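A.B. asks: First the structure, which I've put down as structure tokens, then a few questions once you've had a look.
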Amino acid sequence: MKFNVDDKFWLVTEPSPVSELGDICFQTSLADLILQIKGGLELKGNPTIFTVEDDAQLEGRKRLLVRSVVKAVLEGGLDGPPESVRVVTLENEEGLPLFEADVRI
């Protein structure tokens, strides 16, 4: 596949503690990406390029979910025996589970 400097693609980066999907998943071009790098985008943000919007959106949602799970685990504290298992449940505004997993700490 060939990309010219102004051809559009989708970029996904790691979320900050306050990021929303539009902050980490957006359409850009090589010319715009150069400006973003000059503005502070770093490789440690794991920028990933996608040619299909749906794939980029899915990746962005996964990264936000991982951030939420890590936050939930850290807020719950890390006390307990080594290799203990904590159940992490993320709920929507109505209290219905969006995600639940056993996390080893």
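A.B. asks: Ala72 is checked against (1) modelled with pLDDT under 95; (2) among the hydrophobic types (A, V, I, L, M, F, W, C); (3) surrounded by 11 or more Cβ atoms within 10 Å (Cβ to Cβ); (4) over 17 Å from the mean Cα position of the chain (by Cα) and fails just one. What number does that condition carry?
C.D. replies: (4)
A.B. asks: Restricting to the stretch 39-54, count the residues that are at pLDDT 95 or above and of a type in the set (D, E, K, R).
C.D. replies: Of the residues in the stretch 39-54, 2 are at pLDDT 95 or above and of a type in the set (D, E, K, R).
A.B. asks: Oh, and also: Take the residues in the stretch 11-35 that are touching a residue at least 24 places away in the same chain (Cβ under 8 Å) and farther than 20 Å from Arg61 by Cα; name whichever of them is surrounded by the most Cβ atoms within 10 Å (Cβ to Cβ).
C.D. replies: Filtering first and then ranking leaves Ser29.
The values are calculated or read from the model by the stated rules, or taken from the named source; none is laboratory data. What you see is a predicted model, and the numbers here were worked out from it, not measured in a lab. Glycine gets a Cβ as well: all are built from the backbone with ideal geometry, and neighbour counts include every protein chain shown.
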